[in-house]
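The values are calculated or read from the model by the stated rules, or taken from the named source; none is laboratory data. Bear in mind that the values here come from a model prediction, so they are computed numbers and not experimental data. Cβ atoms come from the backbone with ideal geometry, glycine included; neighbour counts cover every protein chain shown. Just so you know, the surface numbers come from the protein's heavy atoms only, side chains and all, with ligands and any DNA or RNA stripped out. Shrake-Rupley method; radii C 1.70, N 1.55, O 1.52, S 1.80 Å.
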Amino acid sequence: MPGNSFGHAFRFTTWGESHGPQIGCVVDGVPPKIELSEEDLQYWLDRRRPGRSRYTTQRQEADLVKIVSGVFEGYTTGTPIGLIICNEDQRSRDYSEIKNKLRPAHADYTYRAKYGIRDYRGGGRASARETAMRVAAGAVARKILGEKIKIRGALVQIGDQPVKRGSWDWDEVEKNPFWCPDADVALDWAETLTTIRKKGLSLGAMIEVVASGVPAGWGEPVYDKLDGDLAKGFMTINAVKAVEIGAGLDVVRMTGKENADEMRAGSRDKPKFLSNNAGGILGGISTGQEIVARFAVKPTSSILEPVQTVDVDGAETEISTKGRHDPCVGIRAVPVGEAMMACVLADHFLRHRGQIGR
């Protein structure tokens, strides 16, 4: 009912607010005897944490994770894994001037409409701060999946500036602050976001996540399709407004022949596909090709530029949000997208193994 949990066989529940003392999650369904340490989780959390560059929020959080249950002598026990992170750099005073105003494009109005109360300090549960625990859960999911399955994410567009597919270099993703696979476009983005920040504005972004090594056969054919669960996973990330699988919206412009991922003879149990418009999923079930998904993140709604709104009493006013905010929150969404891909795949791996036995 409350909607704070995600997954079935692999399931995690997050809790905590942006300006509360702690955030945390409980990860359930993890098989026993998997080697797991706080260091295994910290690597992925460090990639998401704020303050990594001048192009993201300057909130300084170490995001040091602590395992409080479910691990004994370095191995999972099969019981729920409890994880917590202490918040260290809250500045609730930054929000005192807007506590009675509703930010357009934020969840202020809808939270108040649903609950009759809202945590105005950074947005409470609607804050991107919540995503730290998704990344922690995703790190656990990666341990379940093992090293054969590789999950990588990249930022492929900021505003009206997409990457050039012909210049794609996965190694470049780790070399710039944008997770950009195109070195030249990364330089353009740096200039663009510097200008946008000075204007007190923000921009949206598109993230692409690719999983390789996933065997054919994972997923369910009707209501629990693999691509359906991926779409849900990505849509639950703060500020995400659209998801594409494979060719995505481009299929509208294709003929049936152009869209068909034609097959030729390959190995005995795996054909050779000539393209991957399906994004590695057909009928809700993995094909054995790379799973390719993209999601669109809207511009950060907390901006310095004044915008029209109403207050909690319905009176017209305008609002300008001070404090430390991302000029493009999509940058930090890359590790989060990877984590949600990992969680969905781990869930379907365990479900597939439970039903088929392999």
Query raised in the report: So L345 fits all but one of (1) at pLDDT below 90; (2) within 28 Å of I207 (Cα to Cα); (3) not aromatic (F, W, Y); (4) not in a loop (DSSP other than H, G, I, E, B); what number is the exception?
Result: (1)
Report summary line: Over segment 109-134, the set of residues in contact with a strand residue (DSSP E or B) (Cβ under 9 Å, 6 or more places away or on another chain) and aliphatic (A, V, I, L, M) is A132, M133
Report task. Evaluate segment 157-175: report whether one residue or more is in contact with a strand residue (DSSP E or B) (Cβ under 8 Å, 6 or more places away or on another chain) and hydroxyl-bearing (S, T, Y). Result -> no
Report task. Collect the residues in segment 129-169 that are at pLDDT below 95, small (G, A, S) and crowded, with 24+ Cβ neighbours inside 10 Å, keeping them in residue-number order. Result -> A132
**Report entry** Selection from segment 238-252 of residues that are surrounded by 14 or more Cβ atoms within 10 Å (Cβ to Cβ) and either at pLDDT 95 or above or hydrophobic (A, V, I, L, M, F, W, C) (or both)
**Finding:** A239, V240, A242, V243, E244, I245, G246, A247, G248, V251
Report summary line: By residue number, the members of segment 318-338 that are assigned to a strand (DSSP E or B) and surrounded by 14 or more Cβ atoms within 10 Å (Cβ to Cβ) are I319
Query - Within segment 253-270, tally of residues that are modelled with pLDDT of 95 or more and among the hydroxyl-bearing types (S, T, Y) - result: 1
Requested in this report: Out of the residues in segment 266-286 that are of a type outside the set (K, R) and in a strand (DSSP E or B), state the one that is farthest from V252 (Cα to Cα).
Outcome: S267
Report summary line: Subset of segment 198-210, residues more than 26 Å from D169 (Cα to Cα), in contact with a Leu (Cβ under 9 Å, 6 or more places away or on another chain) and open to solvent by 40 Å² or more (accessible area, probe 1.4 Å), comes to K199, L201
Query raised in the report: Are any residues in segment 219-237 open to solvent by less than 40 Å² (accessible area, probe 1.4 Å) and within 16 Å of T131 (Cβ to Cβ), and if so, which ones?
Result: G233, F234, I237
Query raised in the report: Got at least one residue in segment 300-313 being within 18 Å of the chain's Cα centre (by Cα) and modelled with pLDDT under 95?
Result: yes
Query raised in the report: Within segment 58-80, is there a residue that is among the charged types (D, E, K, R), farther than 25 Å from V344 by Cβ, at pLDDT below 85 and surrounded by 13 or more Cβ atoms within 10 Å (Cβ to Cβ)?
Result: yes
